[in-house]
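Shown next, in C-alpha coordinates, is the structure this report addresses.
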Amino acid sequence: MASTAELKAAVADSLENSGKLEQLKAKVRAGIYDAIEGPQETALPLSRDNLIINELIREYLLFNGYRNTLSVLLPEARQPQTAPFDRGMLANMLGVAQDSNTDKV
(Lines give C-alpha, C1' and ligand atoms only; values in the text may rest on other atoms or scores of the structure.)
Protein backbone atom coordinates (compact mmCIF):
# COMPACT_ATOMS: atom_id res chain seq x y z
CA MET A 1 0.00 0.00 0.00
CA ALA A 2 1.26 3.47 -0.90
CA SER A 3 2.25 5.92 1.79
CA THR A 4 0.47 9.24 2.25
CA ALA A 5 3.44 11.09 0.75
CA GLU A 6 3.41 8.83 -2.33
CA LEU A 7 -0.33 9.30 -2.71
CA LYS A 8 0.02 13.11 -2.46
CA ALA A 9 2.80 13.06 -5.05
CA ALA A 10 0.74 10.89 -7.41
CA VAL A 11 -2.31 13.16 -7.09
CA ALA A 12 -0.17 16.29 -7.62
CA ASP A 13 1.48 14.75 -10.70
CA SER A 14 -1.88 13.72 -12.12
CA LEU A 15 -3.38 17.17 -11.58
CA GLU A 16 -0.34 18.87 -13.10
CA ASN A 17 -0.21 16.59 -16.14
CA SER A 18 -3.91 17.06 -16.87
CA GLY A 19 -3.71 20.85 -16.51
CA LYS A 20 -6.19 20.82 -13.64
CA LEU A 21 -3.63 22.13 -11.16
CA GLU A 22 -3.19 25.37 -13.12
CA GLN A 23 -6.98 25.72 -13.41
CA LEU A 24 -7.32 25.35 -9.64
CA LYS A 25 -4.56 27.90 -9.04
CA ALA A 26 -6.29 30.36 -11.38
CA LYS A 27 -9.61 29.90 -9.58
CA VAL A 28 -7.93 30.43 -6.22
CA ARG A 29 -6.26 33.62 -7.52
CA ALA A 30 -9.63 34.86 -8.83
CA GLY A 31 -11.27 34.02 -5.50
CA ILE A 32 -8.58 35.86 -3.58
CA TYR A 33 -9.00 38.88 -5.84
CA ASP A 34 -12.77 38.84 -5.26
CA ALA A 35 -12.28 38.51 -1.50
CA ILE A 36 -9.84 41.43 -1.37
CA GLU A 37 -11.75 43.71 -3.70
CA GLY A 38 -15.19 42.85 -2.33
CA PRO A 39 -18.41 43.31 -4.27
CA GLN A 40 -18.04 45.41 -7.40
CA GLU A 41 -21.63 46.68 -7.35
CA THR A 42 -20.53 50.31 -6.96
CA ALA A 43 -18.04 50.10 -9.83
CA LEU A 44 -18.80 52.05 -12.94
CA PRO A 45 -20.28 50.01 -15.77
CA LEU A 46 -17.95 49.01 -18.57
CA SER A 47 -17.89 51.44 -21.45
CA ARG A 48 -18.61 50.06 -24.91
CA ASP A 49 -14.99 50.64 -25.91
CA ASN A 50 -13.64 48.76 -22.88
CA LEU A 51 -16.10 45.94 -23.51
CA ILE A 52 -14.81 45.60 -27.08
CA ILE A 53 -11.16 45.76 -25.97
CA ASN A 54 -11.80 43.11 -23.32
CA GLU A 55 -13.47 40.92 -25.93
CA LEU A 56 -10.40 41.22 -28.15
CA ILE A 57 -8.28 40.16 -25.20
CA ARG A 58 -10.70 37.25 -24.58
CA GLU A 59 -10.32 36.16 -28.22
CA TYR A 60 -6.53 36.31 -27.92
CA LEU A 61 -6.48 34.32 -24.69
CA LEU A 62 -8.85 31.66 -26.04
CA PHE A 63 -6.95 31.39 -29.33
CA ASN A 64 -3.69 30.76 -27.45
CA GLY A 65 -5.26 28.43 -24.90
CA TYR A 66 -4.75 30.76 -21.94
CA ARG A 67 -7.94 29.70 -20.20
CA ASN A 68 -6.49 30.07 -16.71
CA THR A 69 -5.55 33.68 -17.41
CA LEU A 70 -9.02 34.27 -18.82
CA SER A 71 -10.62 32.88 -15.66
CA VAL A 72 -8.83 35.59 -13.67
CA LEU A 73 -9.38 38.38 -16.21
CA LEU A 74 -13.15 38.06 -16.49
CA PRO A 75 -14.10 38.75 -12.87
CA GLU A 76 -11.35 41.34 -12.45
CA ALA A 77 -12.46 43.27 -15.54
CA ARG A 78 -16.15 42.81 -14.65
CA GLN A 79 -16.52 41.16 -18.05
CA PRO A 80 -19.51 38.83 -18.58
CA GLN A 81 -18.66 35.13 -18.39
CA THR A 82 -20.48 34.58 -21.67
CA ALA A 83 -19.16 36.62 -24.59
CA PRO A 84 -21.61 39.48 -25.25
CA PHE A 85 -21.10 39.18 -28.99
CA ASP A 86 -19.70 36.56 -31.30
CA ARG A 87 -16.52 36.81 -33.35
CA GLY A 88 -18.38 37.88 -36.50
CA MET A 89 -20.10 40.74 -34.72
CA LEU A 90 -16.80 41.81 -33.16
CA ALA A 91 -15.11 41.82 -36.59
CA ASN A 92 -18.01 43.81 -38.03
CA MET A 93 -17.82 46.38 -35.22
CA LEU A 94 -14.11 46.86 -35.89
CA GLY A 95 -14.46 46.90 -39.68
CA VAL A 96 -12.38 43.75 -40.15
CA ALA A 97 -13.20 41.78 -43.27
CA GLN A 98 -13.54 38.07 -42.59
CA ASP A 99 -12.38 35.42 -45.04
CA SER A 100 -10.84 31.95 -44.93
CA ASN A 101 -7.52 33.40 -43.72
CA THR A 102 -9.00 35.36 -40.80
CA ASP A 103 -11.05 32.35 -39.69
CA LYS A 104 -7.77 30.59 -38.80
CA VAL A 105 -6.66 33.39 -36.49
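The values are calculated or read from the model by the stated rules, or taken from the named source; none is laboratory data. The structure displayed is predicted, hence computed values, not measured ones. Ideal geometry is used to build each Cβ from the backbone, glycine not excepted, and the neighbour counts take in all protein chains shown. Accessible surface is based on the protein model in full, side chains and every heavy atom, while ligands, DNA and RNA are left aside. Shrake-Rupley method; radii C 1.70, N 1.55, O 1.52, S 1.80 Å.
Given a cut-off of under 8 Å on Cα pairs at least six residues apart, what relative contact order in percent is computed for the chain?
Rounded, it is 27 percent for the chain.
Restricting to Cα atoms and excluding each atom paired with itself, what does the Kirkwood estimate give for the chain in Å?
This gives a value of 16.5 Å.
Mind checking the angle between helix 20-37 and the chain's longest principal axis? C-alpha axes, 0 to 90 degrees, to the nearest 10.
70 degrees
Could you work out what % of the accessible surface of the chain is carbon and sulfur, using a 1.4 angstrom probe and leaving DNA, RNA and ligands out of the count?
58 percent
Just going by the charge dipole of the chain, with Lys and Arg at +1 and Asp and Glu at -1 on Cβ, which of 19, 62, 94 is farthest out on the positive end?
19
So with the 1.4 Å probe, I'd like the accessible area per residue for the chain, rounded to whole Å². Present the calculation step by step, with values, prior to reporting the outcome.
On the way: 7870 Å² over 105 residues.
Per residue, the chain has 75 Å² of solvent-accessible surface.
For an R0 of 35 angstrom, estimate the FRET efficiency from the Cβ-Cβ distance between residue 17 and residue 85 and round to the nearest 0.05.
Step by step, r from the Cβ atoms, then E = 0.45.
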